[in-house]
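Working notes, structure below.
Coordinate-derived values only; no laboratory data. Since this is a predicted model, take the numbers as computed values, not measurements. For neighbour counting, all protein chains shown are included, and Cβ atoms are generated from backbone atoms with ideal geometry for every residue, glycine included.
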Amino acid sequence: MALKIIDYGTPEYQQMVKLRDDILRKPLGLSFAMHELNEEKDNMFIGAFDDDHMLGCCMLVEEDPGIVRLRQMAVLNDLQGKGIGRALMNFAENLARDRGFRVITMHARKNAVGFYEKMGYRVTSPEFIEVTIPHYVMEKKL
């Protein structure tokens with residue numbers, strides 16, 4: 001498995017949009033609006049690949065100087081629990097640290113809170129609804 005930074009608009013980015021749509025949006029009856037994707041131009045995109053086949057992805061969005069937000073973490077359903085998410089998180093944290101960020105925050109789906117807690121994140125908000133399902137704000141100091 002190879003982890004790498006993906007450039008916006010490339011064929012790898014298109015693979016990432018499809019994976020995020022398949023894993024995160026379609027099961028909820030949702031899809032991406034064009035304006036949502038257009039607003040991603042300045043984000044940092046990370047993909048996990050087996051040759052040219054994307055296994056998982058996530059992105060980092062600068063919130064404030066020193067604070068970055070993890071978004072759209074997705075791993076192929078049949079590969080979840082095999083270390084891909086952990087590898088993506090470690091890569092994202094190192095990238096954020098290298099770029100001078102001191103805190104990573106996220107809106108974690110309720111069913112993923114345990115995974116992020118094992119990675120050292122802590123819940124910092126009450127439960128709230130986003131994209132029709134329960135979430136929590138979580139964060140970790142880098």
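In this simple spin-label approximation, Thr132 and Asp7 carry label points 7 Å from Cα along the Cα→Cβ vector, and these lie 3.6 nm apart. Label region 1-42 by shape, choosing from rounded, prolate and oblate, from the square roots a ≥ b ≥ c of the eigenvalues of the Cα gyration tensor; if a/c is under 1.5 it is rounded, and otherwise prolate applies when a/b is larger than b/c, oblate when it is not. Because a/c hits 1.5 or more and a/b fails to exceed b/c, region 1-42 counts as oblate. Of the trypsin sites (Lys or Arg not before Pro) in region 1-64, the ones in a loop by DSSP (not H, G, I, E or B) with at most 10 other beta carbons within 10 Å are Lys41. Between region 84-105 and region 1-53, the alpha-carbon centres lie 17 Å apart. Springs join every pair of Cα atoms under 10 Å in this Gaussian network model of the chain, and among His107, His35, His53 the largest mean-square fluctuation is at His35. Toward the positive end of the charge dipole of the chain, with +1 on the Cβ of Lys and Arg and -1 on the Cβ of Asp and Glu, the farthest Cα among Gly100, Val123, Leu55 is that of Val123. Across region 98-105, rounded Karplus estimates of 3J(HN,Hα) from the backbone phi angles (6.51 cos²θ - 1.76 cosθ + 1.60, θ = phi - 60°) give 4, 9, x, 7, 10, 9, 10, 10 Hz, Gly and Pro being marked x. Applying the Karplus relation 6.51 cos²θ - 1.76 cosθ + 1.60 with θ = phi - 60° to region 32-42 yields 3J(HN,Hα) values of 7, 8, 4, 5, 5, 5, 5, 6, 8, 3, 8 Hz, where x marks Gly and Pro. Compared with the alpha-carbon gap, the fully stretched path from Glu62 to Lys26 is longer by 10.3 nm at 0.36 nm per residue.
With θ taken as phi - 60° and the Karplus curve 6.51 cos²θ - 1.76 cosθ + 1.60 applied, the whole-hertz 3J(HN,Hα) list for region 132-139 is 6, 10, x, 9, 9, 6, 10, 8 Hz, x standing for glycine and proline. Taken over the chain, the convex hull of the Cα atoms encloses 108 Å³ per residue. Under the simplified labelling scheme, the Asp51-His107 pair shows an inter-label distance of 3.7 nm, with each label point 7 Å from Cα along Cα→Cβ. Summing Cβ point charges (Lys, Arg +1; Asp, Glu -1) relative to the Cα centre of the chain gives a dipole of roughly 520 debye. Run the reach check for Lys26 against lysines, Cα to Cα strictly under 21 Å, same-chain hits fewer than 8 apart removed. What comes back? Qualifying lysines at Cα under 21 Å: Lys18, Lys110. Evaluated at 20 °C with a viscosity of 1.002 mPa s, what Stokes-Einstein diffusion coefficient in µm²/s does region 56-111 have when Rh comes from the Kirkwood expression over alpha-carbon pairs? D, rounded to a whole number, is 182 µm²/s.
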